[in-house]
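Worksheet: the structure to be examined is printed underneath.
The values are calculated or read from the model by the stated rules, or taken from the named source; none is laboratory data. If you're wondering where the values come from, they're calculated on a predicted model, not measured in any experiment. When we count neighbours, we look across all protein chains shown, and the Cβ atoms used for this are built from the backbone with ideal geometry, even at glycine.
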Amino acid sequence: MTNRLTIPRPDDWHVHLRDGAVMAGVLAHTARQFARAIVMPNLSPPISTVAAAEAYRARIVAAVPPGAEFTPLMVCYLTDGIDPDELQRGKEAGVFTAAKLYPAHATTGSAHGVTDVRNIYPALERMQAVGLPLLVHGEVTDPAVDIFDREAVFIDRVMIDLIKDFPALKVVFEHITTAEAADFVLAAGANVAATITPQHLQINRNAMFDGGIRPHAYCLPVAKREAHRLRLRAVATSGGAKFFLGTDSAPHAVSAKEAACGCAGLFNAPFALETYLEVFDEEGALDRFEAFASRNGPAFYGLPVNTELVTLERAQTAVPHVIDANGTLIVPYRAGEVLGWRLSA
Ligand code: NCD
Ligand code: ZN
């Protein structure tokens with residue numbers, strides 16, 4: 001039995017770090033686990049200019065705990081009126097690593113998102129030309145479409161045309177939750193990849209209704225049926241280059257989650273690697289964790305693999321019931337449970 005795994009330090013290809021005091025609190029957890037992270041731009045107001053991204057990056061860098069090494073990779077939030085020149089400037093200045101498509105009102109912080117993907121075709125044209133990847137929150141917002149079907153319908157209504165119209169654009173289908181999305185990505189070219197969260201590998205939609213309503217199991221896209229979870233586990237642990245780690249860690253204060261209208265998002269950053277590794281262990285795929293966590297993401301983005309190594313060992317790790325993120329109390333994913341792996345200090 002393998003009890004220790006040493007791999008190049010992984011990166012998180014999808015994280016919400018927020019801003020201000022809470023950012024410093026949650027950043028410490030991400031910086032303990034990861035060397036780099038793709039930082040989501042859904043602040044209020046969103047990060048839609050080079051100047052805003054540079055300023056946000058500087059705030060993050062200033063909040064990295066002493067002794068930690070962490071590089072935030074910034075993302076431009078696409079709006080209907082986004083200027084293609086701004087995207088190109090941000091890419092050439094080394095500020096934008098990617099740009100994010102949030103369909104308007106699909107999720108937290110998406111009010112300024114895109115109302116029709118055709119509105120950003122000039123931006124996508126430019127991104128394709130300059131090699132700036134597109135990150136997609138793949139859910140339709142049509143109220144007539146069942147919330148559990150919104151990802152699959154998005155493939156039919158948006159994704160199929162999008163990859164046909166921009167055949168050389170790098171596209172990451174973010175936090176996929178369905179077998180349809182996994183199969184869509186597999187069938188597409190090497191320019192199309194996906195991130196997968198720990199929770200979508202571990203919980204199905206029953207988790208939201210387990211003996212009562214469970215706000216801490218609610219994120220977007222929502223967890224789906226068991227068959228989807230199993231398909232995601234198969235592709236994540238396959239070692240295939242198209243799937244890589246992206247936690248979608250999305251911290252919200254306890255009070256914002258445990259409410260009549262609780263926010264979507266799970267805070268999984270503190271024990272992300274330990275959690276993912278449980279899945280690979282259960283699937284008999286420990287030898288493929290390095291591809292998913294450390295190699296596939298950099299390869300897709302054209303970045304070097306981190307040279308520093310980290311070691312994970314089989315050991316009991318207790319997840320606290322609540323974490324104080326610099327003054328904001330947040331319930332972490334798997335709160336109160338014991339995980340089977342530990343990231344060595
Ligand atoms: C994210 C958030 O809170 O910012 N929430 C979530 O459930 N994942 C937004 C998002 O990525 O959809
Ligand atoms: Zn997200």
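Residues to consider are A35, A51, A31; find the one that is over 21 Å from V171 (Cβ atoms) and over 17 Å from the mean Cα position of the chain (by Cα).
It is A51.
Out of all the residues in the range 252-268, which are part of a helix (DSSP H, G or I) and among the aliphatic types (A, V, I, L, M)?
Once the filter is applied, which keeps residues that are part of a helix (DSSP H, G or I) and among the aliphatic types (A, V, I, L, M), the range 252-268 yields V254, A256.
Taking A111 as the residue in question, decide whether it is within 16 Å of ligand 2 (Cβ to nearest atom), surrounded by fewer than 19 Cβ atoms within 10 Å (Cβ to Cβ), under 26 Å from K257 (Cα atoms) and among the hydrophobic types (A, V, I, L, M, F, W, C).
Working: within 16 Å of ligand 2 (Cβ to nearest atom): yes; surrounded by fewer than 19 Cβ atoms within 10 Å (Cβ to Cβ): yes; under 26 Å from K257 (Cα atoms): yes; among the hydrophobic types (A, V, I, L, M, F, W, C): yes.
Yes, satisfied.
Looking only at residues that are assigned to a loop (DSSP other than H, G, I, E, B) and within 20 Å of the chain's Cα centre (by Cα) in the range 136-156, which one is farthest from R229 (Cα to Cα)?
Residue satisfying both the conditions and the ranking: T141.
For the range 243-278, which residues satisfy the criterion of being out of contact with any strand residue (DSSP E or B) (no Cβ under 8 Å at 6 or more places or on another chain) and aliphatic (A, V, I, L, M)?
A256, A259, A260, A264, listed by residue number.
Collect the residues in the range 88-120 that are more than 16 Å from ligand 1 (Cβ to nearest atom) and more than 24 Å from E54 (Cα to Cα), keeping them in residue-number order.
So the first thing to find is which residues in the range 88-120 are more than 16 Å from ligand 1 (Cβ to nearest atom), and the list is 88-97, 115-120.
Answer for the range 88-120, where residues must be more than 16 Å from ligand 1 (Cβ to nearest atom) and more than 24 Å from E54 (Cα to Cα): T115, D116, V117, R118, N119.
So which strands (runs of 3 or more DSSP E) stay within the range 1-106 end to end and still have 2 or more residues that are within 16 Å of ligand 2 (Cβ to nearest atom) and at pLDDT 95 or above?
Values: elements: 4-8, 12-15, 36-39, 71-77, 96-101.
By residue number, 12-15, 36-39, 71-77, 96-101.
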